[in-house]
Every structure is written in C-alpha cells, then in structure tokens.
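Participant: Would you mind keeping the following structure in view while I ask a few things?
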Amino acid sequence: MSKIRLFESRGLSEAERLAGLSLEMVTPLKRHGRWRRALPHVELLPVVIWITRGQGRVTVLGRTRGFGPATAIVVPPKTPFSIDPGAMTEGSLIRLPDMFEAPFSAVPRHLRLSDVSTQGELSGLVDRLERHGDLADPPTGRAAIGRIVLLSALLEREGGKIAPEKPTTQAKLAAKFARIVEDNLGRMASLEELAAWLGVTSTHLTRTLRDTCGMTAAAYMQARLMHEAQRRLADTDAPAGQIATDLGYSSAAYFTRAFGRETGLTPTAFRRNEARVSAA
C-alpha cells in the first residue's frame, strides 16, 4: 500500500499548494505578445502543452520538432523552450504546481497519444483544470489537486509505453548549448567563449544549431536575451537602464539600439504598448 497521503503538506492550504497553477490557450500567436512564446524562455514550474488540433513547431533545449493533434509535450522547470503554433492550432499550455504526489518527467517528453480514450481522458482533465473555480474553497482545491495527480499519472503511464528517445550527438550539443546560454544569461559571454567551454568551435556550434533548430547559435543567444529583456520591461517596473545593466549591456544606449533592431521599438515604447494591451 502506498504511504503517500494525498492533499497533506505541512499545514498548507489547498490554494497555497496550488500556487502557480495557470492555463492559457495555445493559438496562433498574435502581433502583441508573440514574443512570450515564440522566443526561447524558461518557466519555473513544470509545463504541459496539450495540442488538440492543428500543427506547429516546438523548440526544447535547442531542438525543433513538429507537432500535430493529440500531442502532449512535457517541459521540466527551467528548461528553455519556445512554441510556434500553426494557423489552425488549438490546445492548452498548463503551468503546474510542484507537488510531491504529482511528479512530472525530469526530461522533456514529446508524446503522440493515439488511443482515443486516452485523448479524451487527458482533454477532460485539462478542461476541468481550466474551469477549476475558486481554489480558496477547500473542496474545489482538493478536486484540482486530484486532477493534477491524475494528469501526472496519465502522462507517466503513456510515457512508459514509449522507449526514451536516444539523442543524437547534435541534439546533445544543442541541449548543452541551450543550458549554458541560460547559465550565462546577462553575462554577455561571446559565442566563442561558450563554444570553448563546450569544447567545440563556434563554426561547429553554429552549424549544429542551424541543423537542430533552424537558427544560428548567435541568433539563439540573441533571441533568448531579447525574451528576457521584453519580459522584464513588460512584467516589472525596473528602469530600462537597470535592465540593460542586469543583462550585461555596456550602456543603456547600446541596449536601446540592440532592442530597436530586434523589435522595431524603443524599450519605452515597448513597455507602453504592453501596458496598453494588458489594460485592454
């Protein structure tokens, strides 16, 4: 008999245990906010992406793969990823709280679920989580925790039916590169430095990233940096000059020029636009 006692965690309420739970629709990215999903970034909680319709591409740890309907993508915490849904894509992106009784894969998983009943089961769990109600209400919170436990078990069960994919040499190098970019975010380390730490040349690294995710290594580094710059401008009140310093830019003016090249906007104009969209 399992010794796990569900729904108990050092006196925390259900709502406290569910902190961080959020869901958003996966739809074709619109003009405003496209950067949040289309550029490499990390989440601090486990992420499950459940695609019910359409096609698109997802990049995890520097490797791009296509997806179609009935695909579940599991992204562990602090794992760099981006998603580019196609014109007819429908699905959900779920950020899940860290609970001991609902573990999710410690490595990224890309699961194509062919069984119709399993698809229905997963869709039902996601649908009810999207409409979870007031988590401060203990019975509602317990129901949400139960659905997360079931979601964890379903994905573990289905993942166990598929032999773990053996990464290629290129995929391994791309993953190491994505991790090292994350570790050095804000240091303004050069491509040559990162390549040397990985024991390869910058030319080899660039060729590898172009093969695994369709962009050069330098472009990947810039995309990750731009996501972080835009996130801080949109989600914090930190002055643009402080953000520039924190991200390793030598001056606010240099940051403004680099930001403008990538986005077509000044940091101030970008922040103003994001505030307008959030208030709409």
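FYI, it's all coordinate maths here, none of it is from the lab. Predicted model only: the values in this text are computed from it and were never measured. When we count neighbours, we look across all protein chains shown, and the Cβ atoms used for this are built from the backbone with ideal geometry, even at glycine.
Participant: Please check: in the Gaussian network model of the chain (C-alpha springs, under 10 Å), which one of Thr201, Thr169, Thr64 has the largest mean-square fluctuation.
Facilitator: Thr169
Participant: Something else about it: Pick from Ile51, Ile94, Ile180 the residue whose mean-square fluctuation is largest in a GNM of the chain, springs joining Cα atoms under 10 Å.
Facilitator: Answer for the Gaussian network model of the chain: Ile180.
Participant: Summing +1 for each Lys or Arg and -1 for each Asp or Glu, what net charge is found among the other residues whose Cβ lies under 12 Å from the Cβ of Ile243?
Facilitator: Details: positive: Arg231, Arg232, Arg271; negative: Glu228, Asp235, Asp237, Asp246.
For residues surrounding Ile243, the net value is -1.
Participant: Taking only DSSP H segments of four or more residues, each worth -39500 (n - 2.57), what value at 222 nm results for the chain once the sum is divided by all its residues, to the nearest 500 deg cm²/dmol? Could the numbers behind the result be given before it?
Facilitator: Values: 11 runs with 133 residues, N = 280.
After summing the helix terms and dividing by the residues of the chain, the value is -15000 deg cm²/dmol.
Participant: Rg/Rh for the stretch 14-160 to two decimals, with Rh computed the Kirkwood way over all alpha-carbon pairs.
Facilitator: Values: Rg = 14.6 Å, Rh = 15.5 Å.
Rounded to two decimals, Rg over Rh is 0.94.
Participant: A further question on this structure: Please state the charge dipole magnitude for the chain, taken about the Cα centre, from unit charges on C-beta atoms (+1 on K and R, -1 on D and E), reported in debye and rounded to the nearest 20. Please list the in-between numbers first.
Facilitator: On the way: 38 positive and 29 negative charges, 131 e Å.
The calculated dipole for the chain is roughly 620 debye.
Participant: Name the chymotrypsin sites (Phe, Trp or Tyr not before Pro) in the stretch 20-124 that are in a loop by DSSP and that have at most 12 other C-beta atoms within 10 Å, would you? Walk me through the intermediate numbers first.
Facilitator: Values: sites: Trp35, Trp50, Phe67, Phe81, Phe100, Phe104; in loops: Phe100, Phe104.
Taking the stretch 20-124 and a limit of 12 other Cβ atoms within 10 Å, the loop chymotrypsin sites (Phe, Trp or Tyr not before Pro) found are Phe100.
Participant: Let me ask something else about it. Using the charge dipole of the chain (Lys, Arg: +1 at Cβ; Asp, Glu: -1 at Cβ; taken about the Cα centre), state which of Val42, Gln119, Phe177 has its Cα farthest towards the positive end.
Facilitator: Going by the charge dipole, the pick is Phe177.
Participant: Something else: Assuming R0 = 41 Å, can you tell me the calculated FRET efficiency for the pair Thr266 and Thr203, based on Cβ-Cβ distance, to the nearest 0.05?
Facilitator: Details: r = 34 Å, r/R0 = 0.84.
Once rounded, the FRET efficiency stands at 0.75.
Participant: Now for a different question. With bins 5 Å wide starting at 0, give me the P(r) of the stretch 90-180 over every alpha carbon pair, in whole percents.
Facilitator: Using 5 Å bins, I get a P(r) of 2, 11, 19, 21, 17, 13, 9, 5, 3, 1 for the stretch 90-180.
Participant: Follow-up. Using C-alpha positions alone, give me the convex hull volume of the stretch 169-279 per residue in cubic angstrom. Working shown, then result.
Facilitator: Numbers: hull volume 11.7 nm³, N = 111.
Dividing the Cα hull volume of the stretch 169-279 by its residues yields 105 Å³.
Participant: How much length, in nm to one decimal, is gained on full extension between Leu150 and Gln55, taken as 0.36 nm per residue of separation minus their Cα-Cα distance? Write down the numbers at each step before the final one.
Facilitator: Numbers: separation 95, 0.36 × 95 = 34.20 nm, distance 2.61 nm.
Between Leu150 and Gln55, full extension yields 31.6 nm more.
Participant: Here's another thing I want to ask about it. How long are the semi-axes of the equivalent ellipsoid of the chain, taking √(5λ) for every eigenvalue λ of the Cα gyration tensor, in whole Å from largest down? Intermediate values should be presented prior to the final figure.
Facilitator: Details: eigenvalues 223, 115, 68 Å².
Whole-Å semi-axes of the equivalent ellipsoid: 33, 24, 18.
Participant: Give me the net charge of Glu121's neighbourhood, meaning all other residues with Cβ under 14 Å from the Cβ of Glu121; Lys, Arg count +1, Asp, Glu -1.
Facilitator: Details: positive: Arg128, Arg147, Arg157; negative: Asp115, Asp127, Glu156, Glu158.
Local charge sum for Glu121: -1.
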